[in-house]
Amino acid sequence: MDTNWRISTFNGALLASYFIPTWSIVAFQFMISPVHSLYEQPSISLALFASDYLHLAGLSMVRLGWLLAFGRLTVVAFFAVFLALITRPSIRKAGGCDEALAIALGIGSLISFASMIMASQVGETGALRLHATELMLLLGTAIVMVVEPPVARTTETAQTWPSETWPSEGGDLSVRQ
């Protein structure tokens, strides 16, 4: 088995193993029961902020919840693409999977940061801890990706011919009889 995994790739795989099931379950619960799932811990900060500060009606809150579920499923999809790409050693060694991980980290950090700010505004400490933890996980992996040196690309150098096989610049090129 090949053991040349980069730290950011391994860390991204661990993140994907957390975010894919967790955020998929939250998004699918919203599809089953939109209003009830808005008031569960992962989405309570959005629901309370939208109703208290934005004064949204019920249908608008459901639409906002659908938008959150769509965002979470987008992050899940990019993490799944990342996991599919790291299964191929040639793609993993070349760093071809970093784009999918970076998009998942970016969108996931944006969702977690916005949810954390909303949770702090409405005073939900449980949701605040959850979203702050998720944000720290995502930002930690992003920092590792930035700090980690780029993948060393190996290029084949042109073969140099021995000097005996080539005639010298001032040499005689005529055919001797």
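The values are calculated or read from the model by the stated rules, or taken from the named source; none is laboratory data. Keep in mind the model is a prediction, meaning the values are calculated, not measured. Ideal geometry is used to build each Cβ from the backbone, glycine not excepted, and the neighbour counts take in all protein chains shown.
Per the listing ARG63, ARG72, ARG129, the residue uniquely farther than 22 Å from VAL35 by Cα and of a type in the set (Lys, Arg) is ARG129.
Could you list, in sequence order, the residues of segment 46-84 that are among the β-branched types (Val, Ile, Thr) and out of contact with any Pro (no Cβ under 6 Å at 6 or more places or on another chain)?
Looking only at segment 46-84, we keep the residues that are among the β-branched types (Val, Ile, Thr), and these are 62, 74-76, 81.
Listed by number, the residues that qualify are THR74, VAL75, VAL76, VAL81.
Of all residues in segment 100-127, those that are among the hydrophobic types (A, V, I, L, M, F, W, C) and closer than 15 Å to GLU40 by Cβ total 4. Applying the criterion of at least 2 residues that are more than 19 Å from ALA132 (Cα to Cα) and modelled with pLDDT of 90 or more to the helices (runs of 4 or more DSSP H) found wholly in segment 32-86 leaves 58-86.
What do you reckon, is PRO149 loosely packed, with under 13 Cβ neighbours inside 10 Å and either at pLDDT 70 or above or under 16 Å from the mean Cα position of the chain (by Cα) (or both)? Yes, satisfied. Kindly provide the set of residues from segment 74-102 that are buried (at least 18 other Cβ atoms within 10 Å of the Cβ) and within 13 Å of ILE20 (Cα to Cα), ordered by number. Within segment 74-102, VAL75, VAL76, PHE78, PHE79, PHE82, LEU101 meet the criteria.
With respect to (1) at pLDDT below 95; (2) out of contact with any Leu (no Cβ under 8 Å at 6 or more places or on another chain), the lone exception for MET118 is condition (2). Going residue by residue through segment 114-134, is there one that turns out to be buried (at least 17 other Cβ atoms within 10 Å of the Cβ) and basic (Lys, Arg)? Looking for residues that are buried (at least 17 other Cβ atoms within 10 Å of the Cβ) and basic (Lys, Arg), one finds none in segment 114-134, hence no.
Looking at this structure, is SER45 of a type in the set (S, T, N, Q), without any contact (Cβ under 8 Å) to a residue 40 or more places away in the chain, touching a helix residue (DSSP H, G or I) at 6+ places or on another chain (Cβ under 8 Å) and crowded, with 17+ Cβ neighbours inside 10 Å? I'd like the intermediate steps shown before the answer.
Numbers: of a type in the set (S, T, N, Q): yes; without any contact (Cβ under 8 Å) to a residue 40 or more places away in the chain: no; touching a helix residue (DSSP H, G or I) at 6+ places or on another chain (Cβ under 8 Å): yes; crowded, with 17+ Cβ neighbours inside 10 Å: yes.
Spelling it out, it is not the case that SER45 is of a type in the set (S, T, N, Q), without any contact (Cβ under 8 Å) to a residue 40 or more places away in the chain, touching a helix residue (DSSP H, G or I) at 6+ places or on another chain (Cβ under 8 Å) and crowded, with 17+ Cβ neighbours inside 10 Å.
Just to check your reading of the model, which residue among ALA100, ALA127 is at pLDDT 90 or above, farther than 18 Å from LEU15 by Cβ and aliphatic (A, V, I, L, M)? Criteria check complete, one pass: ALA127.
Is it true that SER112 is within 25 Å of ILE7 (Cα to Cα) and polar (S, T, N, Q)? Outline the logic, then answer.
Values: within 25 Å of ILE7 (Cα to Cα): yes; polar (S, T, N, Q): yes.
Criteria met by SER112.
Within segment 82-104, identify whether any single residue is without any contact (Cβ under 8 Å) to a residue 12 or more places away in the chain, under 28 Å from HIS36 (Cα atoms) and in contact with a helix residue (DSSP H, G or I) (Cβ under 7 Å, 6 or more places away or on another chain), and answer yes or no.
The first filter runs over segment 82-104 and keeps only residues without any contact (Cβ under 8 Å) to a residue 12 or more places away in the chain, leaving 84, 87-88, 90-91, 96, 99.
Applying the additional criterion that residues be under 28 Å from HIS36 (Cα atoms) yields none.
There is no residue in segment 82-104 that is without any contact (Cβ under 8 Å) to a residue 12 or more places away in the chain, under 28 Å from HIS36 (Cα atoms) and in contact with a helix residue (DSSP H, G or I) (Cβ under 7 Å, 6 or more places away or on another chain).
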